[in-house]
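A.B. asks: Below is the structure I would like to discuss, written out as structure tokens.
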Amino acid sequence: MKKFETKDLRNVGLIGHGQCGKTSLGEALLFNAGATNRLGSVDQESSNFDWEPEEIRRKSSVSVSFASAEYHKRKINILDTPGDGNFIADTRNALQAIDAAILVVNALDGVQVVTEKLWGLLEELKVPRAIYVNRMDRERSSFTNAVKDIHECFGVRPLLMQLPIGHEAGFKGVVDLIAQKALLYPTDGSGKVTVADVPAELADQVAEARRELIEGIAETNEELMEKYFAEEDLSLEDIKAALPKAFASCSVLPVFCGVATKNMAVQPLLDFIVEAVPAPGFRGDTVGIDPESKEEVSRPFSAEEPFSALVFKTVADPFSGKLTVFRILSGSLTPDSTFLNSTLDVKERFGAVLSIQGKKQEPLEVAYAGDIVAVAKLKDTRTGDTLCDPKAPIRYSALPPLRPSVTFALRAKVKGEEDKVITGLNRLIEEDPTLVLRPDESTGDILLSGMGQVHIEVVRERLKRKFGTEVELGLPTVPYRETVKKKAEAEGKHKKQTGGRGQFGVCILEISPQERSAGYEFVNDVFGGAIPRQFIPAVDKGCQEAMLKGPLAGSPVVDVKIRCLDGKYHDVDSSEMAFKLAGMNGFRAAMEKADPVLLEPIMSLEITVPSENMGDVYGDISSRRGRVLGSESRGKFTVVKAEAPYAEVLSYATDLTAMTSGRGEFTMEMIRYSEVPSQIAAKIIEKAQVAKTE
């Protein structure tokens, strides 16, 4: 491949809700730029972006994919991002690598949930944005309604670059408002354009839209504004010079439209990317931390600077190994080099520097600051790490990972493959940091947490395809606990005669409740040597072992205080084992008398929903034995803070999605244990007893 300096690079992300046509738009951009010789199609399973089996089967992107094209002596890196909320974390990471976002909006549905969610992060990162209103040929499509929705959702006046010619099945092309020409396209996907005069019936509408376009551009520059007021127009040269600056400063939101699957009106967007999307470094130096001094340092986007890069994507492959994808933030990179992972303080050596083209990789002789490249088989590097020249260390801050919202219990489908499952999942976690794998020692479950049910199901599919092992998924076991409500005393005895040396130990134990989360406490109040001092630890150990399974549902016992008051021993037959067993028996007997109760985990929830759904959320939380603690407004959304028992919110992610049409999200963490209501506890205990019997 050719060498492209920083000034000739354009990094663009295709962003938007699932099924809005991002991948089809990417295919059309590649085709029009000459990077492919045919128009790739998701429906025909010939896409250059959606090539993984899970994506082909679902006809939807589940991870960020990459391709690049050379056009007008520029290299355009195109990042096609997932639009499903289950995979939004991958999209978030990709935003750190782009210099402009093309938000794809469905002309039927307007701005949808994921687009709305990502807008705020694009604002925060100061990423310039343009909009492509897609699917203009569909029944019920409306450019006017889509533009109105864009204005209302984002609070920004859209800058219309085009007006559609025809609507629904009669869509023929667009009017270029700057050139004041009609661009007409066939429906065969060739993208061949016929330039014509503006249709007479659109003349007034075009004149008004062009006036608003010129005004919008003029408002971004005082000198232009004065010229516009004086002449009531701007020259083509003025517009072409001002638009890139206005776009790079996020002062305007250009809007295009077309039909990506038929390659209609995609070429003007490609021209805009080359002409108006800024080269890397337009936002100034990248700020990081010196790993040694901990002081803030910055690096210009220059090939003359020491090498540094931020890893934003990892791809796990059982055959070719791990592929680490990063954006070079300074310097240049050549094959067969060594760099420092300053996040982990380890050195990594690699071979080829690769440009990713869908499922293929092409070797590069050199890559410069701003480019997006990959290297294979790095040993320790993960998503979010910084790579740099060992002689000039720097560490960059990555976006904080999203917290997973759903948890499933899993087990190997084939007995004996547990280690294989864990190994495979750990490899996939390298690729996807939002996955969390942990054992629950109290229930015995292996828990896998992720961003949603579809997310976990895709992980299961990849585990089978990549690592040849299968798992079964189920809801996690609720980690109940048991404790006591009053003080009680009981004798614990272990006596056994076997013909030779026997076993004998007696202890008198008192159990009493402690404050919640105070834990276990053992006190030795034996006087006069009723139990020899060397046997007291055995009594304590027996109590702790008995606590592992309480008398109600076999759950661990918590928050109790044990006092050893008295006991008996035998000079010959007493032993540590005898007193340990006596302690276990005494603990169980005392707990039976002390009004044992079942405890359940209570979760704190922070739920963000559209304000119109707030009433539904309030009612739903109440139906789950929960309570709403308060709420606050954030624009069109309301953040509801609530508490609810864990048992009632195991499937909350799925239920909230249904309740809010996918626009709601939440975080959840355990805050305390509380007593289970008696009628519910009775059912739990009965179920546990039946399971024990079976």
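A.B. asks: Rounded, prolate or oblate: which fits the stretch 164-314, taking a ≥ b ≥ c as square roots of the Cα gyration tensor eigenvalues, rounded meaning a/c under 1.5, else prolate when a/b beats b/c?
C.D. replies: Cα axes put the stretch 164-314 in the oblate bin.
A.B. asks: Taking every DSSP beta bridge that has both residues in the chain, what percent is antiparallel when rounded to the nearest 5?
C.D. replies: Bridges in the chain are about 80 percent antiparallel.
A.B. asks: Give me the mean projected area, in nm² to one decimal, of the convex hull enclosing the Cα positions of the chain.
C.D. replies: For the chain, averaging the hull's shadow over all directions gives 39.1 nm².
A.B. asks: Rounded to the nearest 10 Å², what accessible area does THR383 show when all protein chains are kept and the probe is 1.4 Å?
C.D. replies: Rounded to the nearest 10, that gives 30 Å².
A.B. asks: Sorted by average packing, counted as other Cβ atoms within 10 angstrom per residue and highest first, what order do 45-58, 222-235, 409-422, 66-79 take?
C.D. replies: 66-79, 45-58, 409-422, 222-235
A.B. asks: Then there is this: Sorted by accessible area with a 1.4 angstrom probe, largest first, how do ILE671, ILE15 fall?
C.D. replies: My answer, sorted largest first, is ILE671, ILE15.
A.B. asks: Using helices alone, I'd like the mean residue ellipticity at 222 nm for the chain: each DSSP H run of four-plus residues gives -39500 (n - 2.57), total over residue count, nearest 500.
C.D. replies: The helix contribution divided over the chain gives -8500 deg cm²/dmol.
A.B. asks: May I pose another question? Cα gyration tensor of the stretch 401-530, axes a ≥ b ≥ c as square roots of the eigenvalues: rounded (a/c below 1.5), prolate (a/b > b/c) or oblate?
C.D. replies: prolate
A.B. asks: Okay, next question. Using Cα-Cα distances under 8 Å and only pairs 6 or more residues apart, what relative contact order does the stretch 289-354 have, in percent?
C.D. replies: Rounded, it is 26 percent for the stretch 289-354.
A.B. asks: I need the shape label for the stretch 472-563. Rule: rounded when a/c is under 1.5, else prolate if a/b > b/c, else oblate, with a, b, c from the alpha carbon gyration tensor.
C.D. replies: Here the stretch 472-563 falls in the oblate category.
A.B. asks: Oh, and also: Quick one: accessible surface of TYR569, probe radius 1.4 Å, all protein chains present, in square angstrom to the nearest 10.
C.D. replies: In the full protein context, TYR569 sits at about 100 Å².
A.B. asks: Put +1 on the Cβ of each Lys and Arg and -1 on the Cβ of each Asp and Glu in the chain; which of LEU598, PRO199, GLN497 then has its Cα farthest toward the positive end of the dipole?
C.D. replies: Working it through, the farthest residue towards the positive pole turns out to be GLN497.
A.B. asks: Then there's this: Could you give the accessible area per residue of the chain, probe 1.4 Å, as a whole number in Å²?
C.D. replies: I get 45 Å² per residue for the chain.
A.B. asks: Hey, got the dipole for the stretch 560-621? About the Cα centre, +1 on K and R Cβ, -1 on D and E Cβ, debye to the nearest 20?
C.D. replies: In total the dipole reaches around 540 debye.
A.B. asks: Could you please state, rounded to a whole Å, how far the C-alpha centre of the stretch 428-474 is from the C-alpha centre of the stretch 191-269?
C.D. replies: 49 Å
A.B. asks: How far apart, in nanometres, would the label points at VAL287 and GLN497 be if each is projected 7 angstrom from Cα along the Cα-to-Cβ direction?
C.D. replies: Computed distance between label sites VAL287 and GLN497 equals 8.3 nm.
A.B. asks: So how exposed is SER517, as accessible area in Å² (1.4 Å probe, rounded to 10)?
C.D. replies: Near enough 100 Å² of accessible area.
A.B. asks: In debye to the nearest 20, how big a dipole does the chain give about its Cα centre with +1 on each Lys and Arg Cβ and -1 on each Asp and Glu Cβ?
C.D. replies: Dipole magnitude for the chain comes out near 2400 debye.
A.B. asks: Determine, for each peptide in 184-194, 241-251, 519-529, the mean count of other beta carbons within 10 angstrom over its residues, then list the peptides with the highest first.
C.D. replies: Answer by packing, highest mean first, reads 241-251, 184-194, 519-529.
A.B. asks: Can you pull out the trypsin sites (Lys or Arg not before Pro) in the stretch 620-660 whose DSSP state is coil and whose Cβ has at most 15 other Cβ atoms within 10 Å?
C.D. replies: LYS636
A.B. asks: In whole percent, how big is the carbon plus sulfur part of the accessible area of the stretch 565-691, probe 1.4 Å, protein atoms only?
C.D. replies: Carbon plus sulfur share of accessible area: 50 percent.
A.B. asks: Here's a follow-up. Going toward the positive end of the dipole of the stretch 217-359, with +1 on Lys and Arg Cβ and -1 on Asp and Glu Cβ, which of VAL287, PHE247, ALA316 do you reach last?
C.D. replies: Of the options given, the answer is ALA316.
A.B. asks: Moving on to the next point. Please give me the summed charge of the neighbours of LEU121: other residues whose Cβ is under 12 Å from its Cβ, Lys and Arg +1, Asp and Glu -1.
C.D. replies: For residues surrounding LEU121, the net value is +1.
A.B. asks: Quick one: compute the contact order of the chain, relative version, from alpha carbon pairs under 8 angstrom and 6+ residues apart, as a percent.
C.D. replies: This gives 10 percent for the chain.
A.B. asks: Follow-up question, since we're still on this one. Find which of VAL478, PRO551, SER517 sits farthest along the positive direction of the dipole of the chain, computed with +1 on the beta-carbon of Lys and Arg, -1 on that of Asp and Glu, about the Cα centre.
C.D. replies: Positive-end residue among those listed: PRO551.
A.B. asks: Taking all protein chains together and a probe of 1.4 Å, list CYS153, CYS564 from the most accessible to the least accessible.
C.D. replies: CYS153, CYS564
A.B. asks: Compute, for the stretch 341-444, the length of the dipole vector about the Cα centre, with Cβ point charges of +1 (Lys, Arg) and -1 (Asp, Glu) only. Units Debye, rounded to 20.
C.D. replies: 200 debye
A.B. asks: While we're here: If R0 is 41 Å, what FRET efficiency do you get for GLN44 and SER337 from their C-beta distance, rounded to 0.05?
C.D. replies: According to the calculation, E is roughly 0.50.
A.B. asks: Which order do you get for GLU482, GLU295 if you rank them by accessible area with a 1.4 Å probe, largest at the top?
C.D. replies: GLU295, GLU482
The values are calculated or read from the model by the stated rules, or taken from the named source; none is laboratory data. As the structure is a computational prediction, the values presented were derived from the model and not from experiment. Positions of Cβ are backbone-derived with ideal geometry, glycine not excepted, and every protein chain shown enters the neighbour counts. For the accessible areas, the whole protein counts, side chains as well, though only heavy atoms, and no ligand, DNA or RNA atoms are used. Shrake-Rupley method; radii C 1.70, N 1.55, O 1.52, S 1.80 Å.
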